[in-house]
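Note sheet for the following structure.
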Amino acid sequence: MLKITLKNGKEYTALDSTAVYPSGNPNARSRMEIHLPEDAMPVDTFAAIFADENATSEIRMTRTVDEDNPEKGQKAGDIIYDTLYKQYCIVTSVGKKRITNTNFSSGQVSDAMHLVVELEQRTYIEQQLAALGL
């Protein structure tokens, strides 16, 4: 299970399509896509949650072992990873998005609607200017 926790302490269960794309360059923005189920909340509520720059200044992603699919030697609820991302405050896109998945063992294609927000991280210089209040 993948959980997203914002700086304000609110938690959301995210889908496996959630991804982070680091730029590897302090002068270029890194990106993050957060996917939630379509029925998790209304789109306007979803947009308001991620429009709050203070809440998205720290985003924690925690993946735990699923109850119905534990690995050998693991128990349900064990933490696989817990990563903190900072300064992903710039919303570039928010709304519903159709996601197409392919089951590679059967070749079956399925479509699903997700709530998706795309965030970009402030560059190092932007972070320093924000710290100065500029």
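The values are calculated or read from the model by the stated rules, or taken from the named source; none is laboratory data. If you're wondering where the values come from, they're calculated on a predicted model, not measured in any experiment. The area values use the complete protein model at the heavy-atom level, side chains included, leaving out ligands, DNA and RNA. Shrake-Rupley method; radii C 1.70, N 1.55, O 1.52, S 1.80 Å.
Summary of values
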read-out	value
Among LYS75, LYS97, LYS86: highest mean-square fluctuation, GNM of the chain, C-alpha pairs under 10 Å	LYS75
Those aspartates and glutamates that a straight Cα-Cα span of less than 12 Å connects to LYS86, excepting residues fewer than 8 apart in one chain	GLU53, GLU58, GLU120
Highest-MSF residue in the chain out of VAL91, VAL109, VAL20 [GNM, Cα springs under 10 Å]	VAL109
Å² of accessible area per residue within the stretch 20-80, as computed with a 1.4 Å probe and no ligands counted	62
Of all accessible heavy-atom area on the chain, the percent that carbon and sulfur account for (1.4 Å)	48
Contact order normalised by residue count of the chain, Cα under 8 Å, 6+ apart, percent	27
Spherically averaged projected area of the chain from its Cα convex hull (nm²)	10.1
With all protein chains modelled, accessible area of SER105 [1.4 Å, Å²]	110
